[in-house]
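Chemist: Okay, here's the structure, questions in a sec.
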Amino acid sequence: MTLPEAIAIFIERARQKKGDTGQPDRCDDPVLAAEFLMIYAAETGIQALTDLTPAMLRDFLARWYIEEIGPVIHSQSVSPSLSLQSGSKTRTPQPLALIDGLAAFFRWSDNAAGTELLNQLSPILTEMEQRLPRALEITSALTEWVASGRGAFNFPEFLASFEEGGRSQFDVDMPGAVGTVEGYFRVLHVSGREVEAEELISEERIWPIILPDEIAPLITPGYTLNLELVRSPDGWLIADCGFTYPPGAVVSCQ
């Protein structure tokens, strides 16, 4: 039995079970999770049940899922009525519902196909129960903060007039100095509002990145933040942001 075949059978039986028992809509969660897994498998060329490894599951949850639902993130949750950016009619499962649904599929596969997926993959599911919602929360908080006009490029100091020959304290164009930098930054250390992070391509350590007061408590070592930073006399300030990824995520830096 291939992975697509197993997912198709699982979805059909889950829908039949719901129809027979009149269960509530939350029982769609395993179906939504399986549909998401099928889309991921099609995009990555996964065919065999044995391809469901811990590394694959981590990539599915910690990178692919975040990048798929990123455009529809709201302040506290993901609406299950929203669709994938690709135009699929598949609804978006919330992170914990996705994890529970995957566990249900792995358990079914173990019984139906003799696999040992739940035993092999449950440590990743358990790990992501906290880390995945936190990554989405950080993404949402940073996105809202930048969109509200509080990013570095909107600071009065940055927008200062140069009519009298003055210069911004951000010194973006100072000869010999790097005034802006963007990329993927893996958090190494957090001290209050200040973060030390490693830029993934150059492996350069950036310190200190100054976090907004309301976002600093959410950040812990290991998370990867996609940021655009501007240098100020006090450190690096956030000008723009992309997604945040849980510890262990392997992201494309291209």
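The values are calculated or read from the model by the stated rules, or taken from the named source; none is laboratory data. All values derive from a computational prediction rather than experimental measurement. For neighbour counting, all protein chains shown are included, and Cβ atoms are generated from backbone atoms with ideal geometry for every residue, glycine included.
Chemist: Any idea which residue in the stretch 41-55 is nearest to the chain's Cα centre (by Cα), counting only those that are assigned to a helix (DSSP H, G or I) and crowded, with 18+ Cβ neighbours inside 10 Å? Write out each step before concluding.
Modeler: Of the residues in the stretch 41-55, the ones assigned to a helix (DSSP H, G or I) are 41-44, 49-51, 54-55.
Subset that is crowded, with 18+ Cβ neighbours inside 10 Å: 41, 49.
Numbers: Ala41: 18, Leu49: 25 Å.
Checked the stretch 41-55; the qualifying residue nearest to the chain's Cα centre (by Cα) is Ala41.
Chemist: Another one. For Pro217, all conditions in the list (1) at pLDDT 95 or above; (2) assigned to a strand (DSSP E or B) hold save one; what is the number of the exception?
Modeler: Tallying (1) at pLDDT 95 or above; (2) assigned to a strand (DSSP E or B), Pro217 fails exactly one: (2).
Chemist: Give the residue that is surrounded by the fewest Cβ atoms within 10 Å (Cβ to Cβ), with candidates limited to residues of the stretch 131-149 that are of a type outside the set (S, T, N, Q) and free of Cβ contacts under 8 Å to residues at least 60 places away in the same chain. Explain how you work it out, then say what you get.
Modeler: Going residue by residue through the stretch 131-149, those that are of a type outside the set (S, T, N, Q) are 131-138, 141-142, 144-147, 149.
Add one more test, that the residue is free of Cβ contacts under 8 Å to residues at least 60 places away in the same chain, and what stays is 133, 147, 149.
Details: Pro133: 18, Ala147: 11, Gly149: 9.
Among residues in the stretch 131-149 that are of a type outside the set (S, T, N, Q) and free of Cβ contacts under 8 Å to residues at least 60 places away in the same chain, the one surrounded by the fewest Cβ atoms within 10 Å (Cβ to Cβ) is Gly149.
Chemist: Restricted to the stretch 216-254, and to residues that are surrounded by 18 or more Cβ atoms within 10 Å (Cβ to Cβ) and among the β-branched types (Val, Ile, Thr), which residue is nearest to Thr180 (Cα to Cα)?
Modeler: Val230
Chemist: Now for a separate question. Would a scan of the stretch 163-186 turn up a residue that is in contact with a strand residue (DSSP E or B) (Cβ under 6 Å, 6 or more places away or on another chain), part of a helix (DSSP H, G or I) and at pLDDT 80 or above?
Modeler: No: the stretch 163-186 contains no residue that is in contact with a strand residue (DSSP E or B) (Cβ under 6 Å, 6 or more places away or on another chain), part of a helix (DSSP H, G or I) and at pLDDT 80 or above.
Chemist: Please enumerate the residues belonging to the stretch 196-254 that are among the hydroxyl-bearing types (Ser, Thr, Tyr), touching a residue at least 40 places away in the same chain (Cβ under 8 Å) and over 23 Å from Leu57 (Cβ atoms).
Modeler: Within the stretch 196-254, just Ser232 meets the criteria.
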